[in-house]
Amino acid sequence: MEDRMVWPHERNGQFSVRSYYRYILAQIGTQFAEGSNVQTQHILWKHLWKMKVPNKVKIFAWRARKNGLPTGQQLVKKHVLSDGTCSLCLSELETLAHAVMSCNAIHKMWELYLHVVSIANNMSVMDVALQFCDRKLYDQLATFFMLMWSFWFRRNKYVHEKVTLSPKQVADNALTMLHSFDKVKPKTQIQLKNHYRWQHPPAD
Ligand SMILES: [Zn+2]
């Protein structure tokens, strides 16, 4: 049996310049794709921090991005629970996307409040957030996170206290909070600025 050099990127194992060229192009393509993904994530993150929302919503966004929210799926992974089924609908594994976007009681809410993006079944929360960034809909991004936070709050009320809140009620309350936060914050900043305005030292 004689030794033979095999080019692994072609089915017949034969090296050719054409095949090598194709291989290099594919490598460059992958690097571009990964690079643009990192860049998009960076843009998303920048906008998440600039959102005019209460800090608790920013913390929620941060935890959502890091997969740090105690969903059924995460609790099974950490061996806290043996079954990660959603407590509200009792029919699907509770991923974050399920808990705040697609669980049956809240699914329809998204059509009511945010019909500008498409939310497909297999999308993660961050996939949807990226759609807002791609279209430069930054106000909608804040609304999206505010509503997700409210649905997560509703989920926790049920899981920890067995209290069932209406999805529409929590969504409306969250949007009222968002609008008042948007109005109040600049005013508070102006008041603070006036309060701490530089003054001349008293003349002798
Ligand atoms: Zn559910």
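The values are calculated or read from the model by the stated rules, or taken from the named source; none is laboratory data. Since we're looking at a predicted model, the values are computed, not measured. We place every Cβ from the backbone using ideal geometry, glycine too, and count neighbours over all the protein chains shown.
Inside the range 97-123, can you point out the residues that are more than 16 Å from the ligand (Cβ to nearest atom) and either at pLDDT 90 or above or of a type outside the set (A, V, I, L, M) (or both)?
Glu111, Tyr113, His115, Ser118
Tally the residues that are buried (at least 21 other Cβ atoms within 10 Å of the Cβ) and in contact with an Asp or Glu (Cβ under 7 Å, 6 or more places away or on another chain), restricting the search to the range 82-100.
2
Hey, can you tell me all the residues within the range 65-86 that are out of contact with any Lys or Arg (no Cβ under 8 Å at 6 or more places or on another chain), assigned to a loop (DSSP other than H, G, I, E, B) and more than 8 Å from the ligand (Cβ to nearest atom)?
Listed by number, the residues that qualify are Lys66, Asn67, Gly68, Pro70, Thr71, Lys78, His79, Val80, Leu81, Ser82, Asp83, Gly84.
Within the range 87-96, take every residue that is over 10 Å from Arg155 (Cβ atoms) and polar (S, T, N, Q) and give me the one that is nearest to the ligand (Cβ to nearest atom).
Ser91
Going by the structure shown, is Met126 touching a residue at least 24 places away in the same chain (Cβ under 8 Å), assigned to a helix (DSSP H, G or I), hydrophobic (A, V, I, L, M, F, W, C) and more than 16 Å from the ligand (Cβ to nearest atom)?
Criteria met by Met126.
Is it the case that the range 149-164 has a residue that's within 22 Å of the chain's Cα centre (by Cα), modelled with pLDDT under 90 and either surrounded by 17 or more Cβ atoms within 10 Å (Cβ to Cβ) or under 21 Å from Trp45 (Cβ atoms) (or both)?
Scanning the range 149-164 turns up no residue that is within 22 Å of the chain's Cα centre (by Cα), modelled with pLDDT under 90 and either surrounded by 17 or more Cβ atoms within 10 Å (Cβ to Cβ) or under 21 Å from Trp45 (Cβ atoms) (or both).
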